[in-house]
Amino acid sequence: MTPLNIAIVGGGLGGPAAAIGLAKNGHVVSIYERSTAVEAIGYGFRITPNSDHCLKWLGIDVVAGGAVTANTARMMDREGRVTREWKENEDLEAMKQGTSVFAYRAALQRQLLEKASEGGVEVKIGVKVISVDVSNNTLYFDDKTSTSVDLIIGADGVHSRIRPHVVDSSILYPKPSTGHSCVRFMLSTYTLLSDPIVSRMIDDSFKMLSWNDQQDKRIVAYAVDFDRSWIFTCTHPEQLSLQQTSEGSQADTIAYNQKISLERVKEIYKDFDPLALRILDLTDPNGFRVWKLLDMDELPRWSVNHTVLLGDACHPVVPYGYSGASMSIEDAVTLCVLLPANVESSQIQDRLQLYEKIRKPRVRRVLEVSREVSHGKENRELVEEYYQFLVSHDAIEFAREELAGHLTKSH
Ligand SMILES: Cc1cc2nc3c(=O)[nH]c(=O)nc-3n(C[C@H](O)[C@H](O)[C@H](O)COP(=O)(O)OP(=O)(O)OC[C@H]3O[C@@H](n4cnc5c(N)ncnc54)[C@H](O)[C@@H]3O)c2cc1C
């Protein structure tokens with residue numbers, strides 16, 4: 001058995017997750033990541049039990065890495081009246097499979113990259129891929145070197161360099177606008193608890209709070225990093241924040257992490273609960289960043305020859321369905337199951353087709369619901385039904401069953 005030589009472009013979340021599993025299968029794996037350091041600008045996201053289960057399978061304990069267990073969550077209307085409270089992680093048996101947590105992106109990325117290195121993956125940091133030749137599986141780097149391998153995995157995020165070589169590059173992906181942006185900021189738990197008014201809300205019982213105007217503005221907050229910090233994500237129609245960040249120039253090209261002033265943020269949320277506005281005042285006025293939310297039509301295919309995409313590179317998810325990171329991790333473990341130790345180079349294309357067949361319907365549903373709940377009044381029935389769909393899926397077992405069925409059919 002000859003192991004595959006695999007190059008993964010992107011050391012975000014899905015890239016290192018795939019690397020860990022593929023190296024465990026015995027393949028020779030390298031990650032190429034353009035950043036020179038793990039970026040704290042990623043802030044955080046929700047890891048739902050379905051993807052925590054995948055991370056556990058890869059040997060990653062997110063709670064040990066500082067992720068905060070999502071216990072009681074409180075939802076409020078714009079003025080701060082409680083509309084719903086719910087508890088998670090109550091079923092201890094189910095928690096053995098996976099937990100619902102809030103993770104700090106930089107911490108999870110670091111855990112994944114460290115685990116990949118320990119497992120023998122060569123992690124090359126500060127190396128930018130500039131192009132790929134999909135006819136002979138060759139990557140070209142910004143230092144003018146290149147490498148040829150058996151399989152290339154494009155896990156290089158929403159602005160993927162690999163994607164235009166897999167699908168028709170004349171089509172513009174992602175869409176120029178979803179109509180929504182979000183302001184993000186982070187505050188230490190200490191600061192929140194030191195304020196006599198805010199501290200009444202940020203106590204031990206709640207790990208997530210949200211204010212929703214039932215139209216198109218929302219503030220969602222949750223604890224991360226061993227409970228030492230809170231992350232705030234404030235979504236709104238993009239024209240409300242574009243004005244300032246664009247300064248009359250390239251409004252459409254502004255994608256993420258632009259500075260925005262405290263005054264502008266307060267203006268956007270001026271009709272919200274005074275408590276939410278008070279939290280804004282506790283924040284470093286230089287700490288507000290605005291991001292455009294991105295979306296993409298379904299790609300006609302996710303792979304060509306021996307080059308395949310995963311995660312945001314093929315299906316960025318607007319954050320309302322709390323699944324961007326989770327879908328990327330599920331994609332990664334699916335590839336790990338489909339490319340075991342005994343797979344041969346001649347079988348790669350067939351397995352990549354199967355990967356797409358397995359993953360597309362699930363990702364499609366996640367995208368549809370995430371778009372549907374992105375504005376307007378909360379549809380509680382839809383959200384509850386979606387949550388069950390999301391968390392009850394075992395991506396590892398599902399891929400194993402699909403592979404077994406596929407092999408039986410083809411013999
Ligand atoms: C900085 C950042 C912050 C984010 N914050 C949130 C959040 O708060 N909440 C949320 O739900 N989602 C967030 N997202 C999106 C969410 O993290 C994604 O859904 C999830 O990370 C998808 O994982 P991925 O591995 O597919 O892509 P990513 O995590 O985007 O990883 C892609 C990686 O590829 C690297 N890369 C890109 N181009 C090249 C190249 N040419 N050569 C080499 N390396 C390259 C990037 O530096 C990056 O590390 C964020 C994404 C990023 C990049």
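Per-structure values
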item	result
Enumeration of residues in region 83-104 that are of a type in the set (Gly, Ala, Ser) and in a loop (DSSP other than H, G, I, E, B)	Gly98, Ser100
Test: Ile60 is within 13 Å of the ligand (Cβ to nearest atom), in contact with a helix residue (DSSP H, G or I) (Cβ under 9 Å, 6 or more places away or on another chain) and either on the phi < 0 side of the Ramachandran plot or not in a strand (DSSP E or B) (or both)	no
Answer from Asp312, Asp295, Asp281, Asp350 - the residue that is in a helix (DSSP H, G or I), of a type in the set (D, E, K, R) and within 16 Å of the ligand (Cβ to nearest atom)	Asp312
Matching residues in region 83-110 - criterion: being within 21 Å of the chain's Cα centre (by Cα), more than 16 Å from the ligand (Cβ to nearest atom) and of a type in the set (D, E, K, R)	Glu88
Selection within region 196-243 - out of contact with any helix residue (DSSP H, G or I) (no Cβ under 7 Å at 6 or more places or on another chain), surrounded by 19 or more Cβ atoms within 10 Å (Cβ to Cβ) and of a type in the set (Asp, Glu)	Glu238
Whichever residue in region 11-54 is part of a loop (DSSP other than H, G, I, E, B) and under 13 Å from the mean Cα position of the chain (by Cα) and, among such residues, is surrounded by the most Cβ atoms within 10 Å (Cβ to Cβ)	Leu13
From the options Lys56, Lys24, residue that is within 18 Å of Ser345 (Cα to Cα), among the basic types (Lys, Arg) and at pLDDT 95 or above	Lys24
Residue satisfying all of: in region 63-74; of a type in the set (A, V, I, L, M, F, W, C) and crowded, with 18+ Cβ neighbours inside 10 Å; farthest from Ala103 (Cα to Cα) among these	Ala73
Single condition Gly80 does not satisfy, out of (1) within 14 Å of the ligand (Cβ to nearest atom); (2) not in a helix (DSSP H, G or I); (3) not assigned by TED's automatic domain parsing to the domain that holds Glu378	(1)
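Here's the yes/no breakdown for (1) away from the ligand (no atom under 16 Å from the Cβ); (2) in a helix (DSSP H, G or I):
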{"site": "Arg161", "(1), (2)": "no, no"}
{"site": "Pro164", "(1), (2)": "no, yes"}
{"site": "Ser170", "(1), (2)": "yes, no"}
{"site": "Ser181", "(1), (2)": "no, no"}
{"site": "Leu187", "(1), (2)": "no, no"}
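Residues checked against (1) assigned by TED's automatic domain parsing to the domain that holds Leu390; (2) within 16 Å of the ligand (Cβ to nearest atom); (3) at pLDDT 95 or above:
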| position | (1), (2), (3) |
| --- | --- |
| Thr253 | no, no, no |
| Trp302 | yes, yes, yes |
| Gly324 | yes, yes, no |
| Met327 | yes, yes, yes |
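The values are calculated or read from the model by the stated rules, or taken from the named source; none is laboratory data. Since the model is a prediction, treat every value here as computed from it, not as a measurement. All Cβ positions, glycine included, derive from the backbone under ideal geometry; neighbour counts span all protein chains shown.
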